[in-house]
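Throughout, read-outs are computed from the coordinates displayed, never taken from laboratory work. Here the structure is a predicted model, which is why all the values come from computation and not from measurement. Because the Cβ atoms are built from the backbone with ideal geometry, glycine has one as well, and the counts that use them run over all protein chains shown.
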Amino acid sequence: MPASEDLRPGAWLWWFWLFFIHDDQTARTGKCRQIMILWSIKLDKRIQCNRLDIQVPEPVRSIPAGGGSGARHILDGATAAWYFDGKKMHDDFILEPGEMHLDPCARSLDAPGLSFGSHSARRAGDSTSTSFRQEGEEFITTIRTPQISFEFHARQSDTHPALGPTHNKTIFPAGLALVEGTRLERMDLSGFEFAGKMQEGSQGKEMAGRQEKTTGSGESGGLAKAAGRINKKKIHGTAYFQKILMAAPPPQWYWGLYHFPDGSMATYMQTYVGAATLKDNLGMAGLPLGGPALTPSRDILIYHAPSRQVFEGHELEVKIEQVKEAKEGGKPRASTPSCGAPRSSGPLYIHHLSGGGPGFRFSARARAHAHACWSFEKNIGVLPVRSAFKYNEYPAVLEKLEITPDAGPAIRLKMGWGNMENSWGFLI
């Protein structure tokens, strides 16, 4: 848990997992099912996410623990998740305000799905419960919803330092802002999925009630249910984790994270200020994403598992291209310029990447094939206007990556599975 002085008004703290669930074609195509889940608190009295009004009475309450085991914390925040089932994006797969119980010593967080304050509980049986914890060398995440449930087991099989855990803390001049984060770039994934909701405490061993057929689920992959029997399947793939404290207004950024069949990993991030800062604010919904006017940070990290080489640098250019005639699930997609309703109908993008660092140059191309969006709005003090921030996530494929070292042969990777992000707007 961050120091209390860092949890200043407006600060944002989150725990974030990406799970890449493979099928027998993933290594060839780079495509797979994906789930993103995020537990977060934002130190604002009131904020809106995807039209859900969230009022936070008291973001953090600490409970002293006996026996010298350290304090536990009750966090008032929200749990959010999307699920791409391989054909269709399920926006707001989970979006619930509620209490979260954090035990830093046990490295566990539990969100039982109970609402707080003025938020009404969902209908009986409709609530979700989620949690993650560390047991030995494994991180175990459970997601229980009425439609489908998962139990994920993530473990590092490659302990190269480039894959984490890595910890960074940046304090801006005069302490005006702070960003602190911990990341695990690549883990092996195993576990189970179930049609329906697991019993609390079952840890994947039993299901609640009998299964019913899901109408209209023919296109929805893992959401299909088997009538009258438990539908339990093993899963495998890879995973990514980050914990971030952002005690600053969120910037605009381009980000991507990709895993490859040979164990390699590539990730990049470019923060920037430009026209996108005003996009979807002050009536400027139609502003295109363009080149940045100012770039505070550019970072590229590539780990080539077969050679154990690490390529890290701060020369990065991200050029974006909107995918023409983009389709999702075989149907033409809308081309709305910003995430609206449904949020997953916005345009898809290609990231053209180039740059390098000490001893290497690289180029790459990543293509999105689905889209989810988190749309935030917040009052600007007592003014009659609101600030808006759009956080867009895209299941994507890193179609090609070429690394040219100053010494030694070129390295070429292709069809990495992963996720890209574009963000725009501002929150103040």
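When each of the peptides 244-250, 305-311 is scored by the mean number of other C-beta atoms lying within 10 Å of its residues, the order from highest to lowest reads 244-250, 305-311. The order of Ser190, Ser149, going from fewest to most other C-beta atoms within 10 Å of their C-beta, is Ser190, Ser149. Modelled spin-label separation between Glu402 and Asp24, with each label point placed 7 Å from Cα along the Cα-to-Cβ direction: 3.4 nm.
By the beta-carbon count within 10 Å of each Cβ, the least crowded to most crowded order of Trp253, Trp17, fewest first, is Trp253, Trp17.
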